[in-house]
1. What number, in percent, do you get for the relative contact order of the chain if the mean sequence gap of Cα pairs under 8 Å and at least 6 apart is divided by its residue count?
2. Place a +1 charge on the Cβ of each Lys and Arg in the range 106-261 and a -1 charge on the Cβ of each Asp and Glu, then give the dipole magnitude about the Cα centre in debye, rounded to the nearest 20.
3. Which value, in debye to the nearest 20, describes the size of the charge dipole of the range 1-111 about its Cα centre when Lys and Arg Cβ atoms bear +1, Asp and Glu Cβ atoms bear -1, and nothing else is charged?
4. Express in Å², to the nearest 10, the accessible area of Arg270 obtained by rolling a 1.4 Å probe over the protein heavy atoms while all chains stay in place.
5. Please check: in the Gaussian network model of the chain (C-alpha springs, under 10 Å), which one of Val177, Val271, Val221 has the largest mean-square fluctuation.
6. List the relative contact order of the range 66-171 as a percent without decimals, with contacts defined as Cα pairs under 8 Å and 6+ residues apart.
7. Determine the share of the chain's accessible area contributed by carbon and sulfur atoms, expressed in whole percent, with a 1.4 angstrom probe.
8. Considering the options Ile55, Val105, Gly88, tell which one lies farthest towards the positive end of the dipole of the range 1-134, charges being +1 on Lys and Arg and -1 on Asp and Glu at the Cβ, about the Cα centre.
Amino acid sequence: MNIVITGSSGLIGTALQDHLRSQGAAVYPMLREHSGAGPFSWSPNTGEMQWDESIPVDAVINLAGAGIAGRRWTAGWKRTILESRIRGTRLLAERIAGLNQRPGVLISASAVGYYGDTGNRVTDESSPAGDGFLSDVCGQWEAAAGAAAGAGVRTVFLRTGLVLSPRGGMLRRMVPVFKAGLGGILGCGCQYMSWVSLEDVVHMIAFCLETDSLSGPVNLVSKHPVTNYVFTKMLGGALSRLTMFRIPEAVLKAAFGREMADELLLSGKRVFPHKLEDAGYRFIDSDLHETFEKMLC
C-alpha cells in the first residue's frame with residue numbers, strides 16, 4: 001500500500017509512519033516545498049503542490065495544522081489555526097479529486113472540539129456541532145475536504161480527543177508540573193476529558209484505512225472519558241504526587257485568556273467512540289489508571 005501523509009513530523013504523524021512501515025506500507029511524507037526534492041510536496045499558503053502521478057497512491061492521511069494549545073489565542077494566531085487547516089485540506093482534496101487515478105480513501109484530521117461543551121451529555125458521531133471557536137474550526141476543516149468526497153473518495157474525519165503520550169503533547173507538558181507538586185484540579189473539575197492513548201490513535205487510524213465501512217466522522221477517543229478531577233487525581237497518583245488544590249477559573253482565564261481557558265480547559269467533552277466499537281475495533285488502552293501506569297511508571 002502506498003500512503004501519502006501530511007503533518008508527518010508531528011506526534012501522531014511520526015508514530016503513525018513507524019507503524020505503517022512496520023506493516024509493510026510505503027509511506028510518502030508530503031514535504032514543504034522548501035525542504036528539498038520529493039515525489040510529493042506542497043505549499044498550502046500559495047496553493048502549489050507537486051504530486052508524482054507515476055506512484056499509485058492508495059490512501060492519503062491529512063494531519064497538518066498549526067498547534068492549538070501551544071500559545072495564547074490572539075486574533076492573529078486564531079487566524080493561523082484556522083487557515084493552516086482549511087487551506088491545506090482544500091488544496092489536498094481538490095488535487096485528489098482531479099487525479100486520473102484517485103486514492104481509495106482520504107483520512108483527514110479533526111477533533112472532538114467539533115461538539116463544543118457537551119457537559120454531562122453522552123455524545124457520539126451523530127451529535128450536532130457545538131458553539132465556539134474550536135467547533136467552527138472543526139466544521140470548516142471537515143467541509144474543506146468536500147471535493148474529495150464529492151469525487152467518490154471514501155473520506156474519514158478523525159475527531160480526536162486528548163492524545164496521551166510521554167513523548168509529546170499535553171501529557172509531556174503536564175508531567176513536570178505534577179512532579180514539582182504544582183498539579184491541580186482545573187476550576188470545578190467536573191468537566192469531562194475525552195482522552196486516548198497515542199498507541200490507540202495509531203491503531204485506530206490504521207483500522208480506518210482497512211475498514212471500508214467507515215466514512216464520515218469517527219471519534220478517536222477511549223471508551224471511558226473521565227472528569228478533570230479524576231484525571232488529575234490519577235495522574236498525581238501515577239507520579240506519587242499529591243494534588244490537593246484547585247486552580248480557580250479566574251486564574252486560568254488570566255493566564256490563557258478567557259476564550260482559550262473556557263474552550264480548552266474548562267469545557268467538557270463526554271465523547272464516545274461508537275463507530276469504532278460498532279466496526280469491531282479492539283481498544284488497547286481503555287482504563288486511564290492502567291494507561292498512566294504503563295506510560296509513566
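1. On the way: 549 pairs, mean separation 54.9, N = 297.
Once normalised by length, the contact order is 19 percent.
2. 800 debye
3. Rounded to the nearest 20 debye, it is 580 debye.
4. The accessible area of Arg270 comes to roughly 60 Å².
5. Residue with maximal mean-square fluctuation among Val177, Val271, Val221: Val177.
6. About 33 percent, as a whole number.
7. Carbon and sulfur: 51 percent of the exposed surface of the chain.
8. The listed residue farthest towards the positive side: Gly88.
The values are calculated or read from the model by the stated rules, or taken from the named source; none is laboratory data. All values reported here derive from a predicted model rather than from experimental measurement. Cβ: placed from backbone, ideal geometry, glycine included. Neighbour counts: every protein chain shown. Quick note on the areas: whole protein, heavy atoms, side chains included, nothing else; ligands and nucleic acids left out. Shrake-Rupley method; radii C 1.70, N 1.55, O 1.52, S 1.80 Å.
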